[in-house]
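Asks: Before I ask anything, let me first share the structure, which is written out below as structure tokens.
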Amino acid sequence: MLKTATLCTALLVCATAASAQSIKPGLWEIHQKMGGSPPMDQAMTEMHKQMAQLPPAQRKHMEAMLGQQGMTLPQAGAGGGMVMKVCITPEMAARSDLPSPTEGECTNSVASRSGNTLNMRFVCKNPPSNGEGTYTFSGDTAYSMKMVMNTTRQGKAETVTLDGQGKWLSGDCRAVKPGKVPGQ
């Protein structure tokens with residue numbers, strides 16, 4: 001479960017990080033759904049079940065760990081997707097520096113920008129994976145994205161797709177604390 005959760009968290013943050021060049025600071029809600037791999041779909045379903053059944057102490061620990069990265073514990077979304085809230089400070093948005101999961105050791109690079117579209121690539125060390133994505137922005141308060149990720153699961157190569165949307169909720173992050181920025 002932990003590797004699946006780490007992978008999902010890494011992808012959620014990669015998605016948020018790549019969109020930094022034109023988003024509003026504050027509280028964001030990120031909806032994402034993985035697909036393309038029956039084993040991954042099954043792992044996601046199992047992860048949601050296990051997260052829902054976590055004992056209070058473990059749940060609190062997971063919430064604290066994610067809270068240090070400026071995120072909330074992923075919740076099951078429609079159709080088996082995930083929903084998270086992420087806090088982006090004005091300084092982070094201005095510098096395009098956003099929280100990054102330390103477990104994934106992910107780096108992003110912009111491949112191209114044209115109009116309201118951004119194409120990016122990413123590489124994560126833990127678990128080893130790489131991929132590319134396309135983001136389409138609707139102003140500075142919403143975006144949609146599609147990603148393709150290549151990874152290895154139980155010794156077998158897999159290609160996983162990720163479809164998502166991000167929407168700005170408020171200029172006030174409320175209880176969601178800004179995450180740590182790489183290098184700080």
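Asks: Residue check: is VAL160 in contact (Cβ under 8 Å) with a residue 12 or more places away in the chain, of a type in the set (Val, Ile, Thr) and either closer than 19 Å to LYS85 by Cβ or out of contact with any helix residue (DSSP H, G or I) (no Cβ under 7 Å at 6 or more places or on another chain) (or both)?
Replies: When the stated conditions are applied, VAL160 does not pass them.
Asks: If you take the residues in region 150-162 that are surrounded by 13 or more Cβ atoms within 10 Å (Cβ to Cβ) and at pLDDT below 90, which one is nearest to THR89 (Cα to Cα)?
Replies: LEU162
Asks: Checking ASN130 against (1) in contact with a helix residue (DSSP H, G or I) (Cβ under 6 Å, 6 or more places away or on another chain); (2) at pLDDT 80 or above; (3) surrounded by fewer than 22 Cβ atoms within 10 Å (Cβ to Cβ): exactly one of these is not met. Which one?
Replies: Only one criterion is unmet by ASN130, namely (1).
Asks: Among what's in region 44-77 and is of a type in the set (Gly, Ala, Ser) and modelled with pLDDT under 70, pick the residue that is nearest to TRP28 (Cα to Cα).
Replies: GLY70
The values are calculated or read from the model by the stated rules, or taken from the named source; none is laboratory data. Since the model is a prediction, treat every value here as computed from it, not as a measurement. Note that each Cβ is placed from the backbone with ideal geometry, even for glycine, and that neighbours are counted across all protein chains shown.
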